[in-house]
Amino acid sequence: MVAEDIIIKPLLTEKGYDGIADKKYTFVVAKAASKTEIKLAVEKLFGVQVASVNTVNCKGKLKRMGRNAGYTPDYKKAIVQLKADSKAIEFFASLS
């Protein structure tokens, strides 16, 4: 997989904003990506040094519209911790 295919988008939530000060960033990633692939993709795309990667498989929620019911898509979330001497990711700098 190519780095651009592994990192799908940043996940901007209240809990995610709290981690920016500690150099923890949250991304939605490809479901087939491993922790090693995620680490290498973040290092390549943003030019930073990654200390650790934690992943979570998130199930879709049940949504209803009238009598019709369906589920939102499942996705994989990665929380990336940068090393202390690494620079911050510039995209998130304006958000904190």
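The values are calculated or read from the model by the stated rules, or taken from the named source; none is laboratory data. Since the structure is predicted, the reported quantities are computational estimates derived from the model, not experimental observations. Cβ: placed from backbone, ideal geometry, glycine included. Neighbour counts: every protein chain shown. For accessibility, only protein heavy atoms count, side chains too; no ligands or nucleic acids. Shrake-Rupley method; radii C 1.70, N 1.55, O 1.52, S 1.80 Å.
Descriptive notes on the structure:
- Inter-residue pairs, beta-carbon under 7 Å, first on the phi < 0 side of the Ramachandran plot and in the stretch 1-16, second of a type in the set (Gly, Ala, Ser) and part of a helix (DSSP H, G or I), 6+ apart: Ala3/Ala41; Ile6/Ala41; Ile7/Ala41
- Pairs meeting the criteria (first residue in the stretch 34-46 and small (Gly, Ala, Ser), second residue in a helix (DSSP H, G or I), beta carbons under 9 Å, at least 6 apart or on different chains) are Ala41/Ala3; Ala41/Glu4; Ala41/Asp5; Ala41/Ile6.
- Selection status of Asn57, closer than 21 Å to Val2 by Cα, among the polar types (S, T, N, Q) and open to solvent by 20 Å² or more (accessible area, probe 1.4 Å): yes
- Strands (runs of 3 or more DSSP E) enclosed by the stretch 48-96 - at least 1 residues per element that are under 16 Å from the mean Cα position of the chain (by Cα) and basic (Lys, Arg): 75-82
- Counted residues, the stretch 70-92 - those being free of Cβ contacts under 8 Å to residues at least 40 places away in the same chain and open to solvent by less than 70 Å² (accessible area, probe 1.4 Å): 2
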